[in-house]
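Okay, so here's the structure we're looking at.
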Amino acid sequence: MAWTIWSNYTVGNDYKSFKDITKYCNNFSWSDDQDTISTTLNFDSILDLAEGRSHIIFKKDDKVVFQGLIIKKTQKNTSGSYTAQDYGFYLKNEDIFQFNNIDAKSAIYQILKKYNIGGACIPIATKIKQFYYDKSLSDIIKDILNQCQLDIGEDVCMEMRGTTLWIDKISNLKLDCKYITGNDYSVTRDMSNMINYVIVRSSSNQYVSGIQAIAKDDNNIKIFGKLSKILSLENYTAAQARNAGNNYLNAFNATNKEFTVTLLDVEGCEDIRANRKIYIDLGNYGVKGYYKIKNAQHTVNNDIHKIQITVDFSGATFNDPTQTSTTAISNAETKADDTKANKIITYAKKFLGVKYVYGGKTPSGFDCSGFVAYVFRNFGINLTAYTYTMINEGKRVDIKNIQPCDLVFFFNTGHVGMYIGNDKFIQAPHTGDVVKISTFSGYYKQHCNAVVRVL
């Protein structure tokens, strides 16, 4: 592989096209974070580049990795240190916008068009009715996306790609790269941002409580104490308020877990950046699957590319690596697991008859994954309440070896239930139905695409 850097301008030379300046530069590093839009590139050069006028393209072979402009230079005796940012730099501009009940995508495009920034955004139908002032463009867009996330129950992120702001679901941003994992990893567990009691109120009602919905996890409250959050939303129906509260509870009702490690690029690691998902396999910690990147710091020296990343694996089942390996489980421990499985199944049956609610994650109404996640959370096993991530949060087993408490996924991972033994599984099927026990063999077994063991 070959890393090159190009510029359109050095002091005294205004090139008609970008010129390769690699031989005059070294010490390349770039980084980004989930809380920022822009990627920042740093490097040293003996050339005299100019802030604002010198635009930069950084490539791996023919692939553009970074595109932006010099924003800062520190001149030394014979060389300079330079900082460049991608074109998300211009989203720090502040402006005034009034949106009168238009869809989120149209609102975002209005903002970008005013500043000649390209946009590529997934369809978002959430209506925006808000007056913005004294806010940066990036903060306005973030606020709009936050409103959308409450509705769709999935993280949506934005990132600059060249001169275009891309907005997509994080679940669509899974990386296909190869790397060697370093032995410098560390794991952090933190409950400082945990929320287990959510109040949703109407922001348009200033004189009374205006409470529209409450979402809570009583078991979590017993363990950690009450940790509350108020969501003030405008023009939400009662059903939308319940859904928003449940989605927020699901996102923050757990200990935050992070994993930091250095990777050595083998193939495709230039695509690693915050808010994308990368496959991590660290079995001792229960970390195996795709996890969201919180931040990434790249360095290139002598064409050797390393990346230090921090990923959020809060949805993974955390197994303390200091405990006995599962390969050395005694008969007594196996019996204990059987007992735990029986307790989980008994607890799940308490919710028989609870109505199905799309996006529901509490006993007031469950959808399929919300029900499974709620049951297991009561026993200290935290699963994300979405089938497409839940399927990666345990060990795949052959359907011939299915055991009680195994998760069963159907219809190309569009539905999930929990096997309870004797050819039965418990599920929250669909709108108009309730939590119930169904026969596994026959129709459901034919459409079962995965069995996952999390216990």
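Every number in this text was worked out from the coordinates using simple rules, so none of it is lab data. Because the structure is predicted, anything quoted here is derived from the model rather than measured. All Cβ positions, glycine included, derive from the backbone under ideal geometry; neighbour counts span all protein chains shown.
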Along segment 411-427, what does the Karplus equation 6.51 cos²θ - 1.76 cosθ + 1.60 (θ = phi - 60°) give for ³J(HN,Hα), rounded to whole Hz, x for Gly and Pro?
-> 6, 6, 6, x, 8, 9, x, 10, 5, 10, x, 6, 6, 10, 9, 10, 8
Counting only residues 5 or more places away or on other chains, whose amide H sits under 5 Å from the amide H of residue 213 once H atoms are built in the peptide plane?
-> 200
Show the residues, 5+ positions off or on another chain, whose built amide H is closer than 5 Å to the amide H of residue 54.
-> 70
Quick one: of 142/292; 23/60; 400/445; 135/229; 92/114, which pairs are farther than 20 Å apart, Cα to Cα?
-> 135/229
For segment 61-67, in residue order, the Karplus 3J(HN,Hα) values (coefficients 6.51, -1.76, 1.60; θ = phi - 60°; whole Hz; Gly and Pro = x) are 6, 9, 8, 6, 9, 8, 9
Looking at segment 1-112, what % of the alpha carbon pairs are farther apart than 16 Å?
-> 64
Where does the chain land at 222 nm, in deg cm²/dmol rounded to the nearest 500, when only DSSP H runs of n ≥ 4 count, each adding -39500 (n - 2.57), divided by all residues?
-> -5500 deg cm²/dmol
Long-range amide H contacts for residue 288: which residues qualify at under 5 Å (H placed 1.01 Å from N, peptide plane, sequence gap of 5 or more or a different chain)?
-> 282
Which entry in [x] 56, 30, 25; [y] 44, 29, 18; [z] 38, 24, 21 matches semi-axes √(5λ) of the Cα gyration tensor in Å derived from the coordinates of this structure?
-> [y]
Taking only C-alpha pairs under 8 Å that are 6+ residues apart, what is the relative contact order of segment 328-453 in percent?
-> 26
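Once the mean 1/r over all distinct Cα pairs of segment 254-303 is inverted, what Kirkwood radius in angstroms do you read off? Can you show the working numbers first?
Numbers: mean 1/r = 0.0805 Å⁻¹.
About 12.4 Å, per the Kirkwood formula over Cα pairs.
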Assign unit charges at the C-beta atoms only (+1 for Lys and Arg, -1 for Asp and Glu), then state the dipole size of the chain relative to its Cα centre in Debye, rounded to the nearest 20.
-> 1000
In whole angstrom, note down how far apart the Cα centers of segment 401-455 and segment 211-268 are.
-> 26
